[in-house]
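Have a look at the structure below before the remarks.
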């Protein structure tokens with residue numbers, strides 16, 4: 001675990017209505033790091049992401065760059081520099097690619113910087129530039145995921161939350177996506193928390209990893225160590241390396 | 001492309017740009033040329049440029065043509081027809097507001113007629129009590145409706161779907177008895193009779209023509225305002241709320257704020273339409289604003305085409321002319337024909353008349369291109 005906690009979650013409980021999903025989660029992510037959250041279905045990975053962006057009820061504290069994000073509204077958290085790419089992408093289907101991207105910069109004003117950011121996004125995702133006037137609903141799954149990530153980057157986030165970016169995508173596309181996430185992380189020093197079923201891929205780009213099961217963190221460590229721990233891989237991630 | 005994508009395309013296309021453009025095909029053209037990093041191919045440069053200039057210009061040409069026809073119309077028709085087209089524009093302005101709320105912000109209102117009535121009565125009372133000049137009543141009626149819309153928009157922050165529909169319906173239900181109550185101000189069930197704005201001598205227009213042009217001015221103003229609103233950052237926020245509330249929220253769109261504001265704006269347009277209504281009819285009574293007015297308006301905008309700019313106009317034409325034309329068929333027919341036509345239109349054109357028009361234009365163009 002990193003000494004300097006850019007994002008420090010302590011004793012976090014979260015859930016929906018009467019149902020508590022997370023039970024006292026503690027974890028810390030350093031500035032500029034990529035942190036992978038792994039675990040089986042129903043472990044609470046998505047709930048953890050939603051807790052971070054204020055979409056579910058939360059008890060405990062979420063320290064983010066000196067502020068506490070717990071119990072803040074989603075739009076306030078977004079303004080603080082947290083960008084959430086939700087599971088299933090959350091692209092605005094009837095809107096065009098460009099409108100989707102511009103919505104990403106909603107928290108910021110100022111035309112010039114938005115135009116510059118659009119260009120910046122196109123360098124990461126050149127395919128989006130060829131689709132600007134197309135409605136998002138007509139994009140392929142991979143392109144939609146690229147759009148969702150590009151849209152999140154439009155807000156110039158300090159923390160990027162990626163929820164299952166590989167969901168329903170071809171392996172080749174997924175690998176490309178993770179390569180781009182890595183590049184963004186390296187070039188912009190954006191801290192990334194990524195929830196992923198495909199543990200191998202996520203561990204490939206992450207420095208730290210945490211395994212979540214039944215709403216609790218059962219294992220934390222460097223990505224390399226978790227990858228080498230064959231027992232872990234078998235019992236928590238469900239396949240042999 | 002599948003039927004579904006096509007329709008979604010038509011819907012979105014009509015969403016935020018002038019009517020008569022095709023957004024789904026241009027990018028498909030651009031998509032044909034694979035992007036090659038570094039070397040900008042001809043397709044890459046040309047297609048976006050075409051997509052950017054042509055459809056917008058085409059839309060404005062259509063608008064200009066429509067305006068020209070609209071200015072020509074009152075000199076060619078008998079006064080009763082001129083009156084009917086005036087009412088089409090009154091409804092169009094009200095539907096424009098409803099479209100903002102339902103088509104663009106994805107909320108529902110079964111009480112839009114109440115804000116229309118508020119605009120109409122505010123105007124009537126101002127004319128009746130204080131004898132204000134007609135034009136001065138427009139901003140006041142719009143402002144009063146805006147304020148009330150803001151107040152009644154608050155439930156929308158917490159409610160959605162059926163629950164919101166019910167609350168907005170309640171607004172429409174309690175309004176009529178309320179109007180009958182304060183007889184000294186509202187004229188009770190007898191209503192108020194008012195002087196219509198007189199055409200200035202220099203125009204040389206008859207009264208019906210003058211009313212027509214006044215309403216046309218209100219309509220043009222309202223459409224320009226809505227156009228500007230929807231093209232702005234605010235318009236994008238509304239679309240985001242409509243398409244995916246959760247995603248909108250995590251992008252920093254404050255849901256309560258924009259939902260309430262959508263209600264207030266929609267009420268403002270209804271108020272302005274109500275004001276024009278009072279100018280044109282010269283009479284208001286509670287019976288003109290019964291609950292069915294709100295329902296008819298919702299039907300009008302759904303039939304016209306939600307989320308499109310031509311939708312309110314087409315809806316206005318539908319709401320005005322279908323009952324009056326079917327009356328010529330049979331005295332008992334209007335209700336039946338109106339209802340049946342709603343069903344038929346929804347069946348044939350689920351995206352409304354605007355969506356249907358878009359589809360017809362597209363397929364015609366496709367046929368022409370093949371030949």
Amide N proximity, segment A:83-100 versus residue A:167 label position 7 Å along Cα-to-Cβ, cut-off under 15 Å: A:84-93
Quarter of the Cα convex hull surface for segment B:253-307, i.e. its orientation-mean projected area (nm²): 5.0
Rg/Rg_globular for chain A, with Rg_globular taken as 2.2 N^0.38 Å and Rg from C-alpha atoms: 0.97
Residue order, fewest to most surrounding Cβ atoms within 10 angstrom, among A:8, A:113: A:113, A:8
Model label zone, residue B:198; criterion: amide N under 17 Å from point 7 Å along Cα-to-beta-carbon; scope segment B:209-245: B:209-211
Nearest-0.05 FRET efficiency for residue A:116 and residue A:225, computed from C-beta distance (R0 35 Å): 0.30
Residue order, fewest to most surrounding Cβ atoms within 10 angstrom, among B:173, A:37, B:367: B:367, B:173, A:37
Taking B:364, A:183, B:137 and counting other C-beta atoms within 10 Å, the order from fewest to most: B:364, A:183, B:137
The protein assembly as shown: Cα Rg divided by the 2.2 N^0.38 Å rule of thumb: 1.11
Residues listed by number, segment A:85-121, amide nitrogen under 19 Å from residue A:183 label point at 7 Å toward C-beta: A:101, A:116-121
Two-site FRET efficiency, residue B:151 against residue B:295, from Cβ-Cβ distance with R₀ of 22 Å, rounded to 0.05: 0.50
Mean projected area in nm² (Cα convex hull; one quarter of hull surface) for segment B:201-296: 8.5
Helix-only [θ]222 nm of chain A, DSSP H runs n ≥ 4, -39500 (n - 2.57) each, per residue, nearest 500: -11000 deg cm²/dmol
Label-to-label distance, nm, for residues given as residue B:232 and residue B:174 (7 Å Cα→Cβ offset): 3.2
Label-point gap, in nm, between residue B:78 and residue A:23 - each point 7 angstrom along Cα→Cβ: 8.2
FRET efficiency for residue A:16 and residue A:98, using Cβ-Cβ distance with R0 set to 45 Å, rounded to 0.05: 0.85
In degrees, nearest ten, helix A:141-153 long axis to first principal axis of chain A (Cα): 90
In degrees, nearest ten, helix A:171-188 long axis to first principal axis of chain A (Cα): 90
For segment B:271-286 versus segment B:65-108, the gap between their alpha-carbon centres in whole angstrom: 15
Whole-angstrom gap from segment B:178-254 to segment A:156-191, using each part's C-alpha centre: 46
Residue B:220-residue A:65 pseudo-label distance in nm [points 7 Å out on the Cα-to-Cβ vector]: 4.9
Stokes-Einstein D in µm²/s, Kirkwood radius over Cα pairs - segment B:67-290 at 20 °C with 1.002 mPa s viscosity: 119
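All of the numbers you see were taken from the coordinates with simple rules; none came from a lab. Since the model is a prediction, treat every value here as computed from it, not as a measurement. Cβ atoms come from the backbone with ideal geometry, glycine included; neighbour counts cover every protein chain shown.
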